[in-house]
Amino acid sequence: MADHGHSSLPFAPSKIHQRSDEEIATFKALRKERSGKCFVYVFAGIVILFLFTLVFALIVLRFRFPDVNLSSVAVKNLRLSNVGTASSSNSSFSATLVAEVTIKNTNFGRFNFENSTMSVLYGGMNVGDIRIGRWSVKARETRKMNVAVEVRSNRLSDTKNLSSDMMSGMLKLNSYASLSGRVNLLNIIKKRKIAEMNCTMTLKLTGGAIEDLQC
């Protein structure tokens, strides 16, 4: 006799679905792709930071020698004696050279230089000099100063060529200066630099002017 008191009920469908192998593989691929992108971004950031540091070091932290030149020279109070005579011992000249000195600092830091001297030479011998006091040139700037140098032939120790040069109406002169100082980068790094000036010029005696100025 059949038992009607207990009826068999079907099992309820499970609401929990296990991920298929395809879903797991897709998830792993996405995670691997994201990890790869993160690595690329981090690596690119490191490269950019390295390049920036390299450019900064090569441009900003690079020490350069400041440039010193004579931009112009004017002649005042030119005096000549015994021009056109064969006696070199009696020939003489004196003048005041008013020069504009240009100091160009291409560094990214201030250039402070100490006391120095600018000399004027004739035939390799000193005929005049002027003291240049302490000065400072800001970063990436150019400063100009005017100096007046008294030049006299009586300071020469050898005048054997003076008479013939004066008879030609031209005197070849040289001007030299050495500015020793320190370049201060970002108020952190300091380095001593020497800026040298070596210029040639021709003093025209007839017109009392400077020609062929080259530095």
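Brief remarks on what is shown
- Boolean, PHE52 is aromatic (Phe, Trp, Tyr) and either at pLDDT 95 or above or open to solvent by 60 Å² or more (accessible area, probe 1.4 Å) (or both): yes
- Within segment 119-151, being charged (D, E, K, R) and open to solvent by less than 70 Å² (accessible area, probe 1.4 Å) holds for one residue alone: ASP129.
- Within the span defined as segment 85-97, every residue fails to be open to solvent by 60 Å² or more (accessible area, probe 1.4 Å), modelled with pLDDT of 95 or more and within 30 Å of ALA148 (Cα to Cα).
- Residue within segment 102-109 that is farther than 21 Å from ILE210 by Cβ, at pLDDT below 95, in a strand (DSSP E or B) and open to solvent by less than 70 Å² (accessible area, probe 1.4 Å) present: yes
- Check on THR159, in a loop (DSSP other than H, G, I, E, B) and either crowded, with 16+ Cβ neighbours inside 10 Å or at pLDDT below 95 (or both): yes
- Answer from ASN77, ASN69, ASN154 - the residue that is without any contact (Cβ under 8 Å) to a residue 40 or more places away in the chain and either in a helix (DSSP H, G or I) or open to solvent by 50 Å² or more (accessible area, probe 1.4 Å) (or both): ASN77
- Look at segment 185-199: where a residue is closer than 14 Å to PHE65 by Cα and a partner is open to solvent by less than 100 Å² (accessible area, probe 1.4 Å) and in a loop (DSSP other than H, G, I, E, B), sitting 6+ places away or on another chain with Cβ atoms under 6 Å, you get LYS191/PHE63; ALA195/PRO66.
- The set of residues from segment 162-215 being polar (S, T, N, Q), in a strand (DSSP E or B) and open to solvent by 20 Å² or more (accessible area, probe 1.4 Å) comprises ASN174, SER178, SER180, ASN184, ASN198, THR200, GLN214.
- Of the residues making up segment 120-146, just one is small (Gly, Ala, Ser), farther than 23 Å from ARG182 by Cβ and assigned to a strand (DSSP E or B), namely GLY128.
- All positions within segment 186-215 that are among the hydrophobic types (A, V, I, L, M, F, W, C) and more than 20 Å from ARG143 (Cβ to Cβ): LEU186, ILE188, ILE189, MET201, LEU203, LEU205, ALA209, ILE210
- Pairing each residue of segment 165-179 that is under 30 Å from PHE113 (Cα atoms) with any residue that is part of a strand (DSSP E or B) and of a type in the set (Asp, Glu), provided the two are 6+ apart or on different chains, yields C-beta distances under 8 Å for TYR176/GLU196; ALA177/GLU196; SER178/GLU196; LEU179/GLU196.
The values are calculated or read from the model by the stated rules, or taken from the named source; none is laboratory data. Bear in mind the structure is a predicted one, so any value in this text is a computation, not a measurement. Reconstructed Cβ throughout: ideal geometry from the backbone, glycine too, with neighbour counts over all protein chains shown. Areas reflect the complete protein model, heavy atoms only, side chains present, ligands, DNA and RNA absent. Shrake-Rupley method; radii C 1.70, N 1.55, O 1.52, S 1.80 Å.
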